[in-house]
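Asks: This is the structure I have questions about; it appears just below.
Any read-out appearing in this document is the output of simple, stated calculations on the displayed coordinates, not a laboratory observation. Since the model is a prediction, treat every value here as computed from it, not as a measurement. Because the Cβ atoms are built from the backbone with ideal geometry, glycine has one as well, and the counts that use them run over all protein chains shown.
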Amino acid sequence: MAATTSLDPPAARAALQRRTLRVVMTSQVFSGAGLAAGVTVGTLLAADMLGTSSLSGLPVALFTAGSAGAALLVGRLSQRLGRRAGLTTGYAAGAIGGAGVVLAAAVDSVALLMLFLLVYGAGTATNLQARYAGADLAVPQHRGRAVSSVLVATTLGAVAGPNLVAITGGAARHVGIPALAGPFGLAAIAYALAGATLFALLRPDPLQTSLRITAAQPPDTAVAGGQRTVAGAASAGGVMAGATTMVLTQLVMVAVMAMTPIHMRAHGHDLQATGLVIAVHIAGMYLPSPLTGLLVDRLGRIPVAVASGLTLLAAGVVAASAPTASVAALALALGLLGLGWNLGLISGTAMVTDALPPDTRARTQGAVDLCVALAGAGGGIASGLILTVTNYATLALGGGILALAVIPFLVRRRPASTLADRQAPPT
């Protein structure tokens with residue numbers, strides 16, 4: 001299958017796509033646990049070490065900022081050397097970052113904590129960049145489902161991670177390390193396993209294979225991985241629409257999610273309750289992916305992206321009105337928050353990938369994810385300040401209203417995107 005000529009027949013390409021998805025999905029099971037650790041306890045660890053909750057959004061901002069830089073670097077490295085090299089390097093950095101956070105907590109060094117949270121962010125960026133590897137060889141009308149397959153594989157580790165907080169915390173205390181550092185030790189191991197899986201098994205490389213297929217096509221068909229698409233699909237407009245969708249959903253999701261553990265602890269909830277709410281949130285982020293991917297492919301990218309804004313508004317309303325003593329109400333709000341993010345990420349990813357040929361795809365995808373990560377960093381920083389000045393309800397409701405900004409932006413671009421979806425070639 002490594003030869004270009006053997007990849008031209010649809011059956012051979014489909015077989016390689018299935019193998020690629022299996023490998024990437026396996027690695028995502030591991031990386032999901034690493035991703036969830038910092039989300040669950042990062043704000044709490046920083047609040048303890050800094051002695052204040054006013055800067056409790058800083059950890060999310062730091063590892064999100066770290067993920068921004070890593071997204072750009074992983075994208076460029078993937079463009080030059082393939083997805084295998086880019087993703088493996090990103091996960092290795094995430095593992096180092098997780099281990100470094102454990103060290104920082106053990107020696108009670110705020111400076112080391114800030115440094116290694118930045119490095120830890122590389123794992124978050126790589127976890128998201130892996131979705132593009134699942135779409136490199138997918139035909140346009142199956143891209144939503146390909147992306148969703150990668151995301152849903154993250155669910156197992158991502159849901160298990162927050163529920164291992166008590167166990168990993170106990171293990172950390174047993175060796176004389178603060179309990180809140182325990183989940184970062186789990187993250188280091190999980191990211192290392194994810195990277196090792198890709199390094200050993202992601203052969204042949206999906207992006208490089210897609211480039212070879214494109215090079216073997218006549219010039220008029222060498223677009224979007226060797227598939228015929230309308231001329232307007234490979235345009236800046238498609239990239240802008242997809243990027244805007246993902247930026248807004250990331251900003252709102254991170255802002256509300258980051259402050260939920262702080263809000264819960266302030267109202268007497270323990271780590272087990274917090275872990276449960278975050279687990280529901282992460283399940284909402286990844287578990288609906290198969291259905292979301294099907295909707296993106298069947299209904300089109302734009303309608304699903306619009307639905308993401310409406311779902312995030314619903315999440316904000318539920319969170320703002322939830323009784324402070326109700327774990328169930330907060331879990332519902334955070335589940336909706338995750339679902340809104342899922343709808344925006346998959347539809348936005350499909351729009352961006354539709355608009356890019358393989359020879360610039362990974363580099364541009366990295367730049368888009370840089371913007372997404374920076375939006376998350378901004379949301380993380382702002383959320384702590386907003387919570388200090390106002391309250392959690394204001395933060396949640398404001399985020400939901402902000403998410404609606406994606407709708408008028410996308411409605412103006414509906415005809416072009418719909419045309420691209422409808423004129424995708426038959427399988």
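Asks: For the residues I346, I167, I401, I213, what sequence is obtained by ranking on other C-beta atoms within 10 Å, fewest first?
Replies: With the sparsest Cβ surroundings first, the list reads I167, I401, I213, I346.
Asks: Next question, about the same structure. Explain nothing, just the number: relative contact order of the chain, from Cα pairs under 8 Å at least 6 residues apart, as a whole percent.
Replies: About 26 percent, as a whole number.
Asks: How would H267, H142, H174 line up from fewest to most surrounding beta-carbon atoms within 10 angstrom?
Replies: In order of increasing Cβ crowding within 10 Å: H174, H267, H142.
Asks: Inverting the mean 1/r over all pairs of different Cα atoms, compute the Kirkwood radius of the stretch 277-390 and quote it in Å.
Replies: After inverting the pairwise mean of 1/r, the radius is 15.5 Å.
Asks: Turning to a different aspect of this structure: Please give the direction-averaged projected area of the C-alpha convex hull for the chain, in square nanometres with one decimal.
Replies: Hull-based average projected area comes out at 17.7 nm².
Asks: Another question about this same structure. Quick check on the exposure proxy: order F63, F116 from fewest to most C-beta atoms within 10 angstrom.
Replies: Listed from fewest to most nearby Cβ atoms, that is F116, F63.
Asks: Related question: Can you tell me the 0 to 90 degree angle between the C-alpha axis of helix 289-299 and the longest principal axis of the chain, rounded to 10?
Replies: It works out to around 40 degrees.
Asks: Turning to a different aspect of this structure: Only helical DSSP H runs with n ≥ 4 go in: add -39500 (n - 2.57) per run for the chain, normalise by residue count and round the 222 nm mean residue ellipticity to 500 deg cm²/dmol.
Replies: Calculated mean residue ellipticity at 222 nm is -28000 deg cm²/dmol.
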